[in-house]
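Trainee: After the structure tokens below, expect a handful of questions from me.
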Amino acid sequence: MVLPITRVALAAALLAGPTAAQTASQANEFTSSPDRLLTNWRADHGDSWRLLTNQGTGTVEMLFGGRANSPFEPDTNEPAAWFTLARYWVEQTYQMHGVESDQLVEERFRFMPLGQVNSTDKITVRFEQVVNGVPVEDGAVNVLFDTSGRLLSVHSTAAPTVTYPSGKPTTGAGFAALVAARAFKDEFGVQPNQMGEARLVHAHSERGEVKTWDLAWEIDATFDNGEDQPLGRRYSIDATGRDVIKSENTIHNFDVFGTIRANATPGLTADRAANPPTPIAMPRTRITSSAGNVETDRDGNFSITGVNTPIDLTVDYFGEFTNINNDTGADYSITFQGVQPNQQNDLLMNPSPSQSLTSQANAQLHINVLRDYIRDTFPTDPTADFRATANVNLSSNCNAFFNGSSTNYYTAGGGCNNTAFSTVVAHEMGHWLNQRYGTGNGNDGMGEGNADVFAMYCYDDSVVGRFFTTGGGSVRNGTNTRQFCGDNNPGCYSGVHANGEVWMGAAWKVRVNLNTSLGNAAGDMAADSLFLGWLNSYNQTQIRSIIETQWLTLDDDDGNINNGTPNYAAIDQGFTAQGFPGVELELITISDVTALGDTPDESGPYVVEADIISNFGGTLTGAELRYRVNGVGGFISTPMSNTAGDTFAAGIPGQISPSRVEYYVNATESGGTDKSFPEGGESSPLTFRVGDITPIIVTEFEAGADGFVGGAPGDTATTGQWTLGNPIGTAAQSEDDHTAVGVNCWFTGQGSPGGSLGENDVDGGITTLLSPVFDASGLNSVEVSYWRWYSNTTGASPNADIFEVEVSADGGATWVDVETVGPTGAGTDGGWIQASFELTSIVTPSSSMQLRFIASDLGNGSIVEAAIDDIEVVGLGSSIPEPVRYCTANPNSTGLATRIDFNGSVRISDDDFFLTAASMPSGSFGLFFFGDQQTQTPISGSQGILCVGGTQFRLPPVQADPLLGIAFYQVDFTSPSTNGQQILGGSTWNFQMWHRDAVAGQVTSNTSDALQISFGD
């Protein structure tokens, strides 16, 4: 139950006791092992949760898919309470994203009325990251809630670590400006004539596949002579050196490409003879008069109160959200004289339209149209509520641009119309809004693509810039089919505009699909709400597949993304049509599967339970437990029965030890989908062992090397040699060991924080990790298992090398191959993978066994990384205890003591158990007997010693062989007449022989020693 609470009470409740808040002393607790983190999170908050990792940092970028109860429910009208609750969840998820709570500054709170589009209303809270007073570029954490305060997602683009966290530069802003100016001159051949104010930031950059943040001076440099197209770059200058860390364009042009078409249908087209200006209400336009100044409303209406005589009114294109400047002359204004009071006055600006005058009216109009589009969709969203400067009629042609502080539009000429009109204004304003929402205008095309989405969604038109050219050509179209190149291949087309088409195309196709499924009005509202909700809820600065996940999270209405969302098909099909991979839903969820542990129990059954759910209203048509013993044959299926709710159960029958049992759960539903847990099914099943386990090597490497040695004679690798420790992750190497609670493993080469992908990977040959020599002699079964990480898929020549595991039975003199990973296929792209094998099927166990792991780079340009952790070498024996001989027998008339033994099997089901007695007097009669206790008592009148006590049972008499002095008896475990049925699987009995003898002519008797024997089924 979630309880409402006021802001003050909430803050007190959350801050009074211990929480997961991170302090400097807790920084070492951070880990980014995704599988481990997700497993722990699901255990606490449900199995529908998912996560996506940031490949550049190795940390979790987005946690989503479920709904987690918060400790309290803030009042919807108390933003401060929501910030407190959001901070609580940031702290609870620290181990995922690694961002310290005390680095986060409250940035915005938004209520999003998504209930109006078949989803549910949601609340988003955003923090911006500031480290020691210095902002982190694009660093933000967004937390999404339902209106009851339950957590829906956490999205982080913040830095888990920054270089020089003290925030103290060693070079000044003035020096950085000189470096920036020099870089500008080198790039463009002219000296900048405008330099922005230097701002200290932690700037991010990509070093290979690794994302790092460095202390930098951020400076804008611009050249604008009023004639040529302006040039602008934003430079990030190393604040602890003199290098340019990166640069990006600050002039976002509206350029033209494509096919010019004739006889095109005009719609939202440019100003031209075929589309002449018509009277349109001017929203929020300034009116000055002797009776005071006012602005028109969004419909162009105005009222000046207290005026009873005619008055002069001066009107210009300036208002609450606009400042329109005419670059070719005076800014337009008009004075209406003698405007009459107490009657409707229809006043027309620009009565004699011209290109230069109409362009000013267009800018005034469409800046307001875009602002009202945002407020109409989300009434609580003030992002567009600012005065935007627009410069129109610049003395060039065929372009428009945003420069960071204004939007700018060119005059007609050069085959183009004046560029200040509808979707062009919306596009350039979209660049400005990208900055304000946090999406940015980066080099991968996100800025251009998202600006196009503003234009398309605002005007419900796929075409941006209709009749941009006088021949009817447009700029871009959301119906384009330019395909997404993948998360690891951003900006794969020629230029940011082409790259942006990927995102604009996907967004438009989602809108079309929503119109098809919901109808035009409802579909438009759904698309608009999801778009603006996404801008408010996430800080997505690049075109990545995660965008669809973010949209689906906003669309979700029940806190379980695995069962789809109200508009899943429309959204997913829109993204996949543009080449995005799509978000695969779980039509069946299998969770809480019993992980059977090793056991000596041969009886069974070994019961496996699982929670199985069909997520889309389908019906489960089958649930099976599939198992295999000792890797022999195919998997055997046994039906699982529904025991309660969503829980199903089945049992694996008892197994004779020693055995290794593999198993997995499979379920099918009425739509034909089937799913296995684990996902690999028979290729990666769960396992347990039946029998007596003898540890030989069991190590997690947390206490040290445990006898393992990195390096061997003949190794030739020049870098990337095997190292024991806590690895620094890259896109090829793990950030964490495999052990659930631990940090150490063996891995190939330690790099430096933020180092390049290939800084210390395997190069120049082979590197070997050797186990200690171990004794496995006398064991019938020896099992070796380990967790390995191997990556050879990055670099200039991927999939060119292999990883080898070998075993020796003669202390390393000769070696036999166990497994080879690569050069292509499964297991070559990183990730911890368990491998195991039965050693006795490869070599004969000896007292001089040894393992070795070999990573190699024998080609050019490949990146090779490997790691090994959690190694087990165990002997697996029968769970039936070995027989125990006890009690000393006295010599008989042969001079020897009678000795009891057995042959055959101690398993009842085999029915092959023989008792034997040797060194008996020739031809003597005797009998075997057994009991449940032991004793050692002389027998009166006999030469023997009684070794069996308690309840005793006799077997039929036998006679010793006259030549060999041996007697035997086969026990029939099913015969009541011989007492054999007393012996059952799982029981332990003590056996002895009594026999007749003669000593010095006197008849007497004697006994053998005794055996304690345990039996199995």
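Trainee: Answer yes if at least one residue in the stretch 749-760 is touching a residue at least 12 places away in the same chain (Cβ under 8 Å), over 30 Å from residue 214 (Cβ atoms), open to solvent by less than 30 Å² (accessible area, probe 1.4 Å) and in a loop (DSSP other than H, G, I, E, B), and no otherwise.
Mentor: So far as the stretch 749-760 goes, no, none of its residues is touching a residue at least 12 places away in the same chain (Cβ under 8 Å), over 30 Å from residue 214 (Cβ atoms), open to solvent by less than 30 Å² (accessible area, probe 1.4 Å) and in a loop (DSSP other than H, G, I, E, B).
Trainee: Could you look through the stretch 810-841, keep only residues that are of a type outside the set (Asp, Glu) and under 15 Å from residue 875 (Cα atoms), and pick out the one that is most open to solvent (accessible area, probe 1.4 Å)?
Mentor: The qualifying residue most open to solvent (accessible area, probe 1.4 Å) is 841.
Each row is one residue, and each column tells you yes or no for (1) touching a Ser or Thr at 6+ places or on another chain (Cβ under 7 Å); (2) in a strand (DSSP E or B); (3) touching a residue at least 40 places away in the same chain (Cβ under 8 Å); (4) under 17 Å from residue 245 (Cβ atoms).
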site	(1), (2), (3), (4)
148	no, no, yes, no
162	no, no, yes, yes
166	no, no, no, no
178	no, no, no, yes
182	no, no, no, yes
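Trainee: Mind telling me which of the residues 493, 459 ends up being open to solvent by 30 Å² or more (accessible area, probe 1.4 Å), within 30 Å of residue 365 (Cα to Cα), touching a helix residue (DSSP H, G or I) at 6+ places or on another chain (Cβ under 6 Å) and among the aromatic types (Phe, Trp, Tyr)?
Mentor: 459
Trainee: In addition: Go through 513, 562 for me and flag whichever is over 27 Å from residue 433 (Cα atoms), part of a helix (DSSP H, G or I) and not hydroxyl-bearing (Ser, Thr, Tyr).
Mentor: Result of the check over 513, 562: 562.
Trainee: Taking residue 987 as the residue in question, decide whether it is out of contact with any Asp or Glu (no Cβ under 7 Å at 6 or more places or on another chain) and open to solvent by less than 20 Å² (accessible area, probe 1.4 Å).
Mentor: no
Trainee: If residue 803 meets every condition in (1) modelled with pLDDT of 95 or more; (2) open to solvent by 50 Å² or more (accessible area, probe 1.4 Å) apart from one, which number is that one?
Mentor: Condition not satisfied by residue 803: (2).
Trainee: Out of the helices (runs of 4 or more DSSP H) lying entirely within the stretch 28-129, which hold 3 or more residues that are open to solvent by 40 Å² or more (accessible area, probe 1.4 Å) and within 30 Å of residue 833 (Cα to Cα)?
Mentor: 34-45
Trainee: I've got another one for you. Taking the conditions exactly as written (touching a helix residue (DSSP H, G or I) at 6+ places or on another chain (Cβ under 7 Å), among the polar types (S, T, N, Q) and open to solvent by 30 Å² or more (accessible area, probe 1.4 Å)), does residue 377 satisfy them or not?
Mentor: So residue 377 does not fit the description; no.
Trainee: Run residue 619 past the list (1) over 24 Å from the mean Cα position of the chain (by Cα); (2) closer than 30 Å to residue 694 by Cα and report the number of the one that doesn't hold.
Mentor: (2)
Trainee: Within the stretch 900-932, which residues are open to solvent by less than 40 Å² (accessible area, probe 1.4 Å), assigned to a strand (DSSP E or B) and touching a Gly at 6+ places or on another chain (Cβ under 8 Å)?
Mentor: Across the stretch 900-932, the qualifying residues are 907, 913, 917, 918, 931.
Trainee: Additional query: Quick one: count up the residues across the stretch 909-935 that are among the polar types (S, T, N, Q) and more than 13 Å from residue 1011 (Cα to Cα).
Mentor: Residues meeting the conditions: 4.
Trainee: Tally up the residues in the stretch 645-661 that are over 25 Å from residue 908 (Cβ atoms) and at pLDDT 95 or above, please.
Mentor: Here the count works out to 4.
Trainee: From 884, 873, grab the single residue that is at negative phi and crowded, with 16+ Cβ neighbours inside 10 Å.
Mentor: The match here is 873.
Trainee: Tell me, which residue of the stretch 198-210 that is part of a strand (DSSP E or B) and crowded, with 20+ Cβ neighbours inside 10 Å is modelled with the lowest pLDDT?
Mentor: Among them, the one singled out is 210.
Trainee: Let me ask another. Condition (residue is under 30 Å from residue 908 (Cβ atoms) and crowded, with 22+ Cβ neighbours inside 10 Å) applied to the stretch 555-564: is it met by at least one residue?
Mentor: Checked the stretch 555-564: no residue is under 30 Å from residue 908 (Cβ atoms) and crowded, with 22+ Cβ neighbours inside 10 Å.
Trainee: Suppose we filter 124, 84, 59, 120 for residues that are in contact with a helix residue (DSSP H, G or I) (Cβ under 8 Å, 6 or more places away or on another chain) and more than 28 Å from residue 589 (Cβ to Cβ); which single one remains?
Mentor: 84
Trainee: Something else about it: Note down all Cβ pairs under 8 Å where the first residue falls in the stretch 985-1006 and is under 30 Å from residue 654 (Cβ atoms), the second is part of a strand (DSSP E or B) and basic (Lys, Arg), and they're at least six residues apart or on different chains.
Mentor: Sorted first by the residue in the stretch 985-1006, then by its partner, the pairs are 985/907.
Trainee: Among the residues of the stretch 407-422, write down those that are crowded, with 24+ Cβ neighbours inside 10 Å, assigned to a strand (DSSP E or B) and not polar (S, T, N, Q).
Mentor: If the condition is that a residue be crowded, with 24+ Cβ neighbours inside 10 Å, assigned to a strand (DSSP E or B) and not polar (S, T, N, Q), then 409, 410 are the ones that fit.
Trainee: Turning to a different aspect of this structure: Could you list, in sequence order, the residues of the stretch 290-328 that are open to solvent by less than 40 Å² (accessible area, probe 1.4 Å) and small (Gly, Ala, Ser)?
Mentor: The answer is 292, 300, 319.
Trainee: Can you say whether residue 974 is open to solvent by 70 Å² or more (accessible area, probe 1.4 Å) and either within 15 Å of residue 930 (Cβ to Cβ) or at pLDDT below 95 (or both), as far as the supplied structure shows?
Mentor: yes
Trainee: In addition: With the requirement that a residue be assigned to a loop (DSSP other than H, G, I, E, B) and open to solvent by less than 70 Å² (accessible area, probe 1.4 Å), what does the stretch 676-709 give you?
Mentor: Scanning the stretch 676-709 gives 678, 680, 684, 685, 691, 701, 702, 704, 705, 707, 708.
Trainee: Here's another thing I want to ask about it. From the list 965, 941, pick out the single residue that is open to solvent by less than 40 Å² (accessible area, probe 1.4 Å), out of contact with any Asp or Glu (no Cβ under 6 Å at 6 or more places or on another chain) and either among the hydrophobic types (A, V, I, L, M, F, W, C) or farther than 22 Å from residue 880 by Cβ (or both).
Mentor: Going through 965, 941 in turn, the sole match is 965.
Trainee: Check 717, 712, 732 and return the single one that is on the phi < 0 side of the Ramachandran plot and surrounded by fewer than 17 Cβ atoms within 10 Å (Cβ to Cβ).
Mentor: Matching residue, one of 717, 712, 732: 712.
Trainee: On to the next question. Among (1) part of a loop (DSSP other than H, G, I, E, B); (2) open to solvent by less than 10 Å² (accessible area, probe 1.4 Å); (3) in contact with a strand residue (DSSP E or B) (Cβ under 9 Å, 6 or more places away or on another chain), there is one condition residue 474 misses while meeting the rest; what is its number?
Mentor: Just one mismatch for residue 474, condition (2).
Trainee: Let me ask something additional. I'd like to verify a number: residues in the stretch 241-274 that are part of a loop (DSSP other than H, G, I, E, B) and either at pLDDT below 65 or open to solvent by 60 Å² or more (accessible area, probe 1.4 Å) (or both), how many?
Mentor: Within the stretch 241-274, residues that are part of a loop (DSSP other than H, G, I, E, B) and either at pLDDT below 65 or open to solvent by 60 Å² or more (accessible area, probe 1.4 Å) (or both) number 18.
Trainee: From the list 639, 653, exactly one residue is surrounded by fewer than 14 Cβ atoms within 10 Å (Cβ to Cβ), touching a Pro at 6+ places or on another chain (Cβ under 8 Å) and not acidic (Asp, Glu). Which is it?
Mentor: 653
The values are calculated or read from the model by the stated rules, or taken from the named source; none is laboratory data. Remember, it's a predicted structure, so these values are computed and weren't measured experimentally. All Cβ positions, even for glycine, are placed from backbone atoms using ideal geometry, and neighbour counts span all protein chains on display. These accessible areas exclude ligands, DNA and RNA; they are computed on the full protein's heavy atoms, side chains included. Shrake-Rupley method; radii C 1.70, N 1.55, O 1.52, S 1.80 Å.
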